[in-house]
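Input: one structure, supplied below.
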Amino acid sequence: MHESRRKLLDQVRVILVEPSHPGNIGAAARALKTMGLSELAVVRPERFPDPQAQWRAAGAQDILARTIIYDTVADAIADRQWIVGTSTRQRRIPWPLLMADAVAEDLTSKLINTRVAILFGRESSGLTNDELQLCHCHLQIPANPEYPSLNLAMAVQIVCYELFKRLSSEDVAESPWDRPPANAAQMQGLLAHLQEMLIEAE
């Protein structure tokens, strides 16, 4: 892969939220490596590090070795400027809902100067509504409506593939902005400050 594409993919952090099976962490690491991504994080994993993660990584042990464990989703996305949340269910949250290929297309223009997080939820229940509220857009993978549930690592593979495909086939435009966007921690700080000022001003 061209070095400029690799640098763009390095802007993406894949975050697994409370994965229950260490094998899925290893398989996700393998999915990242095959598609040129390198940054994996986990939030409160049930078992990790674990030999099963190593076995399923199948050559992507370097990704596992760099994997960071976070206590909260907020910590995992604090330095990210664009957050994507994956969900298989229809929810009444007024956030943009895009398919995986559309998210990849959208991100190609943002990756120039934006650090991105893509959140994947629990194997049994996905992301909570509160976690999805932290995201700028929601991602869905089209599937059989009679059985839309994907294995966690399979979902990671599909999203990483769409990003890799898009960045490998198209030129990425330069960002029109001369400053990087605010990250999640800065936005939460702004919102807290605004709330404080509004309360003070009654």
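The values are calculated or read from the model by the stated rules, or taken from the named source; none is laboratory data. Source: prediction; values computed, not measured. Ideal geometry is used to build each Cβ from the backbone, glycine not excepted, and the neighbour counts take in all protein chains shown. These area figures cover heavy atoms from the full protein model, side chains too; ligands, DNA and RNA do not enter into them. Shrake-Rupley method; radii C 1.70, N 1.55, O 1.52, S 1.80 Å.
Grab the DSSP H runs of the chain that are 4 residues or longer, score each as -39,500 (n - 2.57), total them, divide by all residues and round the 222 nm result to the nearest 500 deg cm²/dmol.
On the way: 9 runs with 89 residues, N = 202.
Taking each H run of at least 4 residues, the total per residue is -13000 deg cm²/dmol.
Name the residues whose placed amide hydrogens come within less than 5 Å of the amide hydrogen of residue 39, ignoring near sequence neighbours (fewer than 5 apart) on the same chain.
It is 14, by chain and number.
Moving to a separate point now. At a 10 angstrom cut-off on C-beta neighbours, averaged per residue, how do the peptides 59-69, 102-112 rank from highest to lowest?
Details: 59-69: 16.0, 102-112: 18.5.
Packing order, densest peptide first, comes out as 102-112, 59-69.
Given a 1.4 angstrom probe, what's the average accessible area per residue across the chain, in square angstrom? Numbers along the way, then the final one.
Details: 11080 Å² over 202 residues.
With the other protein chains kept in place, the chain gives 55 Å² per residue.
Can you give me the % of accessible surface on the chain that is carbon or sulfur? Probe 1.4 Å, all protein chains present, nothing else counted. Could the numbers behind the result be given before it?
Details: 5940 of 11080 Å².
Reported share for carbon and sulfur atoms: 54 percent.
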